[in-house]
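A quick write-up on the structure given underneath.
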Amino acid sequence: MHAGAGHRFFRERDRIERDFPEVFRTRDGPAEINRGDLEFGEWTGLVRTLARNDPRRAVAVVDWSLREALIAYVERLKEDALNAYYVQQIVWAVRSPWCKDKPPKLPKILKGD
C-alpha cells in the first residue's frame, strides 16, 4: 500500500501543523529507514508507531482522521517520555548518594506548555 489519493489521513497537514508542534518540530538524529512492505511517505513512522508495528493495524490507522491520529501520537510521545523520565529518575536516585548530579528535568512534552 502506498500513500495515495483518497486517504483522509494525509490531507490536512498544512492546516494542522501549528496545533501539534510536538509532532512537527525539527528532529535531530538519523533519518528513519523503512524496511517494511507498507509505505506511507513521510507518515510511515507515525503510522507504524500508532499501529505498534502491526501491518494489519497500520492499514486501519491510515483511515483515521489526521487530527485523531496526531492526538493519539502525541499521547504515545508522552507515554514514551514519561517512561524515559522514570528510568532517568531511578538511575539518578541510585547514583545520588555518590554523585552531585542534579535530578533529571521533566521533559518539555510532559509540562503541558
> Can you name every residue in segment 46-66 that is exposed (fewer than 15 other Cβ atoms within 10 Å of the Cβ) and either within 28 Å of Leu106 (Cα to Cα) or free of Cβ contacts under 8 Å to residues at least 40 places away in the same chain (or both)?
Replying inline: Arg52, Asn53, Asp54, Pro55, Arg56, Arg57, Ala60
> Could you count how many residues in segment 1-30 are at pLDDT 65 or above, of a type in the set (A, V, I, L, M) and farther than 13 Å from Tyr73 by Cβ?
Replying inline: 0
>> Return the pair list, or none, for Cβ contacts closer than 6 Å from residues in segment 69-86 that are more than 16 Å from Ile16 (Cβ to Cβ) to residues that are hydrophobic (A, V, I, L, M, F, W, C) and part of a helix (DSSP H, G or I), at least 6 apart or on different chains.
In response: Lys78/Ile109; Ala81/Ile109; Ala81/Leu110
> Given the conditions (1) farther than 16 Å from Phe20 by Cα; (2) without any contact (Cβ under 8 Å) to a residue 24 or more places away in the chain, which single one is not true for Glu39?
Replying inline: (2)
> Counting only residues that are surrounded by 10 or more Cβ atoms within 10 Å (Cβ to Cβ) and part of a helix (DSSP H, G or I), which one in segment 92-113 is nearest to the chain's Cα centre (by Cα)?
Replying inline: Ile109
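The values are calculated or read from the model by the stated rules, or taken from the named source; none is laboratory data. Note that the structure is a prediction, hence the values are computed from the model and not measured. Ideal geometry is used to build each Cβ from the backbone, glycine not excepted, and the neighbour counts take in all protein chains shown.
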